[in-house]
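The values are calculated or read from the model by the stated rules, or taken from the named source; none is laboratory data. Keep in mind the model is a prediction, meaning the values are calculated, not measured. When we count neighbours, we look across all protein chains shown, and the Cβ atoms used for this are built from the backbone with ideal geometry, even at glycine.
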Amino acid sequence: MKKLMPLLFFIILLLLICSINVIVMSETSFNLYTYNSAAGQLLKIDPKTGKAVIMHNLSQKNSFADLSSFSESGSLITIGHFAPDTQLYQINLLTGEINLIGDTGLNFVEGVEYIPSTGQLFAGGRKLPHHTNDSYLFIEINPSDGSIIRQQKTNIRDIDSLAYNPVSGELWAVDTQPNRYARLWTVDLETGQGTLRKNFTKKELMGYSGLIGISFSPDGQAYGILYKGTKAPIKEYRLIKIDMNDFSFELLPAENLGQPETLLLTNITSDYAEGWIVQDPKIELTVTNSGKRLVSNLPIFVNQGEVGEEIDLDGDGINQAWEDMAMERINPYIELDEEEPWLINQNFWLMNQNIINSIQSQTGTEISSFVGKVPQQIINSLTDHVANFVRIHPYTPFCNYQDCHANQLPKYIIFRYVVTWSKDYGRFGFTSHEDDHERIYMAWRVIDNYTLDLDWVFTSAHRDPDIHHSVWSPYYRICNKVDVSTIPEGYDFSMLMCGELDFDSQDGRLTFCAAEGKHALYPACDVCEDVLLVSTTATGEDCCGGGRYLFDCYNVGEPNEWQYQDKEIYDLTVDEGKLGGELPQEDTDIFYNILTSRYRITIKTGNKDYSGTDAKINIKLHGQEEKSSNWFTIYSIGLPPRSAEHVGIFEKGDLDHIFVSCTDLGSINKIQVKHDNGGVAPGWYISEIWVEDLDTKTIWHCQPNTWLEKVFSPSLHGLWDDKTNKTFDLKLLQ
C-alpha cells in the first residue's frame, strides 16, 4: 500500500491539474460583445477584466436593439431599434461586414436572442401606442428572412435584453427603468409570459442607474453591464459577474469598460453558441501600387487604453502583431557586389560545411578553440554575420506622439532598418572596423487606420568627410548633394547624386545596393558606381553582381524597452544611437527636413537646344496678403559646395523637384525665379512650374516658356540685356 501511495498522489494531483485547466478554459474561451451606437463600433469585452477594445468600425452605422450570437456561423445577429429600420442583420465577427437578412416590419424592437439548440430567434418589442398594458410583445422571428412567426402580449413591461443560459436552458429577460429598478425574468417560450426572479433596488445597484443587459458564458456564468446616467451621453458602463443563485454580483476592474471615449451601448452577447468559439481575426497585409501602398485588413493603431498592453508591447500605439508582420513584408532586398567579403565567406561555409562540422565535433563550437588550429578562412566564415535590427514608430513633425494620439492619427509610421554587419572591410584595405550599421529609414504616410503610402526613404553611406546620406522619392528622380574626401583634407568638394528607387516587379519590395566591403547603401547600381569616395584619386564604389538577399529582421521595440538589447543575435550589436531618439537624429537632418517641408516646387526645363543651365538659381514664393518666403538657393552645377541645401540638374527636358520649408503663405499667386548668370552655360529655358502645398495638396501652375538669360543687345547701345530675374503668375490647378 505504501508503494502505491506516491502513484495515487500523482494521479490525484494530475486530476486536480486537469480540473483546474478545464475551469480556466471555460472562463477564458469566450468573449463578450457590445455595440457602441455613438461611433458605430463593435466592442469586444474581456470577461476577466471588463475591459473593452474596438474590434471593428462597422461598415454602416445603425441603432441596433440588441446583439445575439448566431448559430455556428461565427457571426452576430441583430435588429434595427426603431421603424422604419427594424430590419434583421447579420454581422461578420471577422470582418465587421453587415449583411441584411430581411425586414421584420415591426414598430419597435429591444431584446434579441437566438437559441442554437432549437434554431429559434426571439425578440422583445412594442406596438403602438407605446407604454400601455397591451403594447408589450414577445416575438418569434424567422432567422432566415426576418418574417414574423408569432407575436404575443407579455407581462414584462419592457424586454430590454434577452439572454439564453446554455446550461439551464432558460431564456432570461432584463427590464429596467433608470434610477428606479432593474428586474430579471425567466420567459416561457410557449406563452411569452415572464416569471419575476429578481428586482434589484437602487441601493443594491451600488450607485449605478440600471442594468442594460445580461449574457451567459458556456458554463452558465452570467455577466451584465451596469450604467450611470439617465440620458445620453452615459457617464459610465461597468461589466459585472452575477451569481444567478442569490443574484449578488462582482464589479470587474475596468471602469467605463476601459474606454476614455463617450459610449452609447446596446446590450451584450457572448460568442458562445453550441460550442463555437470565434478566434481573433488574423492580420493580412497587401502591397499595392507597385510597392508604394501597404494595406491592412485590421486596424494598425490600438486604442488609447490598449497602449502598453499585450497587443502593444512596446507602448508606441501600434499593434505589435502588425509591426512584426509589416516589418517582414516590406523588408528590402539588399543586392551585394560579387566580391563582397561576407558573400565569399558564406559561400566558403556552404562548400565546406561537412569539414567545418567535423572540426567542430572535435574542438567544440567555441570560435576561440579554432584559432591556430584551422585556416583563417574557416574562422571568417563562422564569425561574419548580418541581420536587420528594426524599430517601427509613429511620427508627427512638431508634435509629441502621446499628445497627438488621443486626438488624431500620426502623420507617418517610420520603419528604421539598421542593416548590421559583423565587420566593415573598408576599401582597398583602408578604414576597416568591427561592427557596421547602415540605415534604411522609410517614412510611410498614414492615410487612415488601415492604409499607408510610402512618401520618403533615407539611406546612409559613410561618415565625414565623405558622407553620402540621401533621401529618395518613390515616385520620381531626386538629386542629393554628397560629400567627397580630398587629399589634402579640408578641400570643399561635393557632387550630385541623382536617382530613383527600385521596386521588385514580383513582390513590390524595395531593392538597395550595398557597396563592396563597406556596405554603404544606394538605390541603384549606377548611382553607387558613379559616386566618388576620394576626389584626388578618383576612388569610387563597387556594387552589384552578387545577387539579392533578404536578411533576417528583429524588432527591437522602443527605447528603454529594447526587445533584443540583451539577447545574442550572432555577435551583432543594437546601435541605440541610430535606432533610438526622435527625428532629427545626428546626420539625418536631411530626412527631417524633407518630412517637414511645406512646399514642393517642380520645374521643367524646356526641350530647346541649350535649354539647361549651370547657374546658381534663387526662388521666392509669393502668397496672399503680401506674404512671401525667403529666397531659396539651388545649385545646378555637378560639383556644388558642401553648404548647398537644394540641388538639381536643370538640363534639357529635365524635371527637377525642390522641397522647401516656410510658413503657410495661403494661396500662392506668384513665383520669382532668378540666377547669377554663372557657370559655363547659364542661359535657362523654363517650360513649366508647379507649386504644391504638401499639407493641403493644393497645386498652382504656370507655363512661362521663356528664357532666363543675359544677352547682348544692340538696341541698348551695346549693353547686356539682363533677363535673369523674372516673376510668373500662378493659377490654381483644378
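Observations, loosely collected:
- Some residue of segment 237-245 being within 30 Å of residue 448 (Cβ to Cβ) and at pLDDT below 85: no
Residue by residue, here is whether (1) surrounded by 16 or more Cβ atoms within 10 Å (Cβ to Cβ); (2) at pLDDT below 95 holds:
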| position | (1), (2) |
| --- | --- |
| 619 | yes, no |
| 622 | yes, no |
| 636 | yes, yes |
| 639 | no, yes |
| 647 | yes, yes |
| 657 | yes, no |
| 664 | no, yes |
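- Failed criterion for residue 204 (all others in (1) touching a residue at least 24 places away in the same chain (Cβ under 8 Å); (2) assigned to a loop (DSSP other than H, G, I, E, B); (3) more than 20 Å from residue 79 (Cβ to Cβ) hold): (1)
- Answer from 501, 496, 454 - the residue that is closer than 23 Å to residue 655 by Cα, surrounded by 19 or more Cβ atoms within 10 Å (Cβ to Cβ), under 19 Å from the mean Cα position of the chain (by Cα) and not aromatic (Phe, Trp, Tyr): 454
- Residue selected from segment 284-299 under the condition modelled with pLDDT under 90 and buried (at least 16 other Cβ atoms within 10 Å of the Cβ), by the criterion farthest from residue 117 (Cα to Cα): 299
- Residue in segment 525-545 that is surrounded by 19 or more Cβ atoms within 10 Å (Cβ to Cβ) and of a type in the set (Gly, Ala, Ser) present: no
- Top-ranked residue in segment 592-617 [being under 13 Å from residue 646 (Cβ atoms) and of a type in the set (Lys, Arg); ranked as surrounded by the most Cβ atoms within 10 Å (Cβ to Cβ)]: 616
- Some residue of segment 251-274 being buried (at least 22 other Cβ atoms within 10 Å of the Cβ), under 34 Å from the mean Cα position of the chain (by Cα) and at pLDDT 85 or above: no
- Within segment 167-197, tally of residues that are in a strand (DSSP E or B) and not hydroxyl-bearing (Ser, Thr, Tyr): 14
- Filtering segment 678-696 to residues that are out of contact with any Leu (no Cβ under 8 Å at 6 or more places or on another chain) and farther than 19 Å from residue 609 by Cβ leaves 678, 692, 693, 694, 695, 696.
- Some residue of segment 497-516 being in contact (Cβ under 8 Å) with a residue 12 or more places away in the chain, of a type in the set (Ser, Thr, Tyr) and more than 30 Å from residue 297 (Cα to Cα): no
- Selection status of residue 520, of a type in the set (A, V, I, L, M), buried (at least 18 other Cβ atoms within 10 Å of the Cβ) and modelled with pLDDT of 90 or more: no
- Residue that is farthest from residue 297 (Cα to Cα), among those in segment 416-430 that are touching a residue at least 60 places away in the same chain (Cβ under 8 Å) and surrounded by fewer than 16 Cβ atoms within 10 Å (Cβ to Cβ): 428
To keep it simple, each residue is scored yes or no on (1) assigned to a loop (DSSP other than H, G, I, E, B); (2) closer than 28 Å to residue 143 by Cβ; (3) at pLDDT below 75; (4) assigned by TED's automatic domain parsing to the domain that holds residue 250.
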residue: 19; (1), (2), (3), (4): no, no, yes, no
residue: 42; (1), (2), (3), (4): no, yes, no, yes
residue: 56; (1), (2), (3), (4): no, yes, no, yes
residue: 60; (1), (2), (3), (4): yes, yes, yes, yes
residue: 67; (1), (2), (3), (4): no, yes, no, yes
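- Contacts under 9 angstrom Cβ, first residue in segment 287-303 being more than 11 Å from residue 451 (Cβ to Cβ), partner of a type in the set (Lys, Arg) and in a strand (DSSP E or B), 6 or more apart: 287/293
- Checking residue 508 against (1) buried (at least 20 other Cβ atoms within 10 Å of the Cβ); (2) at positive phi, the condition it does not meet: (1)
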